[in-house]
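Here is the structure we will look at.
The values are calculated or read from the model by the stated rules, or taken from the named source; none is laboratory data. Since the structure is predicted, the reported quantities are computational estimates derived from the model, not experimental observations. Neighbour counts run over all protein chains shown; Cβ positions are idealised from the backbone, glycine included. The protein model used for the area step is the full one, side chains on, heavy atoms only, and it has no ligands, DNA or RNA in it. Shrake-Rupley method; radii C 1.70, N 1.55, O 1.52, S 1.80 Å.
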Amino acid sequence: TGYNNPTLLIGLAAVAAIVYGELRSRRNLVKIGAEVPGMWVTVLKTALISGAILYATYLFATGRPGTSFPIPGLIMAALVLIYGSVSTKTIVGRHVYAVGGNRHAAELSGVQSKKVNFLVIMNMSVLAALAGMVFVGRSTASGPFDGVGWVLDAIAAVFIGGAAVTGGVGTVIGAIIGGLVMAVLNNGLQLLGIGADMTQII
């Protein structure tokens, strides 16, 4: 095609998944007799999201030879799909939300909160290790102060994404959007030449 073919395939697959997901959710609403938004709403929403994905795909696919959608981006997309499914479609995901919302009520409902807490903390350790490997792989170096201060960014990203301090609320996609907001802020302020002190304040 003259473009980066794997990147084009990833972009087209993402668009196909968006269209399929929208049609499937609409069909499910009709099946249970719920109120369904107008078809023009679904079409407009799908077209806007698909347009943004296709534009990003074009930017990645027309880069210099040897470049394409970055591997960390693929890892993030895989994690979003996995954790999105686990959090919304499995018993474990519902138990995590239940314990986060009200631990005592969850225990009274039969949820083993200690096991859920252990699973969540162990899972966070695995994700932290993965983030460390990606960072070292991209920077090809490491030091004792790498990652210092990232905790504040991570917490801010989660809250920007719609999670609540009390727990039980929030989505994986929301956290990713919050992370993108934080990344755009940090990178944009650096590109504008704003000092580190003002960046922290902002």
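Among the listed residues I177, I155, which satisfies the condition of being open to solvent by 90 Å² or more (accessible area, probe 1.4 Å) and part of a helix (DSSP H, G or I)?
When all the criteria are applied, what remains is I177.
Working only within the range 88-113, note down all residues that are touching an Asp or Glu at 6+ places or on another chain (Cβ under 9 Å) and either closer than 23 Å to W150 by Cβ or not aliphatic (A, V, I, L, M) (or both).
S113
On the basis of being open to solvent by less than 90 Å² (accessible area, probe 1.4 Å), over 17 Å from S87 (Cα atoms) and not in a helix (DSSP H, G or I), does G143 make the cut?
yes
Working only within the range 1-20, note down all residues that are part of a loop (DSSP other than H, G, I, E, B) and either surrounded by 13 or more Cβ atoms within 10 Å (Cβ to Cβ) or touching a Gly at 6+ places or on another chain (Cβ under 8 Å) (or both).
Hits for the range 1-20 are Y3, N4.
Filter the range 23-70 for residues that are within 18 Å of Y3 (Cβ to Cβ) and among the charged types (D, E, K, R) and give the result.
Result: R64, single match.
Which residues, taken from the range 158-174, are in a loop (DSSP other than H, G, I, E, B) and either touching a His at 6+ places or on another chain (Cβ under 7 Å) or surrounded by 12 or more Cβ atoms within 10 Å (Cβ to Cβ) (or both)?
Of everything in the range 158-174, those that are in a loop (DSSP other than H, G, I, E, B) and either touching a His at 6+ places or on another chain (Cβ under 7 Å) or surrounded by 12 or more Cβ atoms within 10 Å (Cβ to Cβ) (or both) turn out to be G161, G162, A163, A164, G167, G168, V169, G170, T171.
Considering every residue within the range 138-157, establish whether at least one is of a type in the set (D, E), over 18 Å from the mean Cα position of the chain (by Cα) and modelled with pLDDT of 90 or more.
No - not one qualifying residue is present in the range 138-157.
If I ask for residues that are within 16 Å of T166 (Cβ to Cβ) and surrounded by 14 or more Cβ atoms within 10 Å (Cβ to Cβ), which ones from the range 102-115 would you list?
N102, R103, A106, S113
So that you can scan it fast, the table gives a plain yes or no per residue for (1) assigned to a helix (DSSP H, G or I); (2) more than 29 Å from S139 (Cβ to Cβ); (3) touching a residue at least 24 places away in the same chain (Cβ under 8 Å); (4) open to solvent by less than 60 Å² (accessible area, probe 1.4 Å):
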| position | (1), (2), (3), (4) |
| --- | --- |
| E22 | yes, yes, yes, yes |
| R26 | yes, yes, no, yes |
| V41 | yes, yes, no, yes |
| T46 | yes, yes, yes, yes |
| S50 | yes, yes, yes, yes |
| Y55 | yes, no, no, no |
| L59 | yes, no, no, no |
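Looking at (1) within 30 Å of V126 (Cα to Cα); (2) without any contact (Cβ under 8 Å) to a residue 24 or more places away in the chain; (3) of a type outside the set (V, I, T), which is the one condition that is false for A34?
(1)
Can you report the number of residues in the range 63-87 which are open to solvent by less than 60 Å² (accessible area, probe 1.4 Å) and more than 18 Å from the chain's Cα centre (by Cα)?
3
When you go through (1) under 24 Å from G100 (Cα atoms); (2) without any contact (Cβ under 8 Å) to a residue 40 or more places away in the chain; (3) open to solvent by 90 Å² or more (accessible area, probe 1.4 Å) one by one for L191, which number turns out not to apply?
(1)
Can you name every residue in the range 158-183 that is among the polar types (S, T, N, Q) and at pLDDT 85 or above?
Result: T171, single match.
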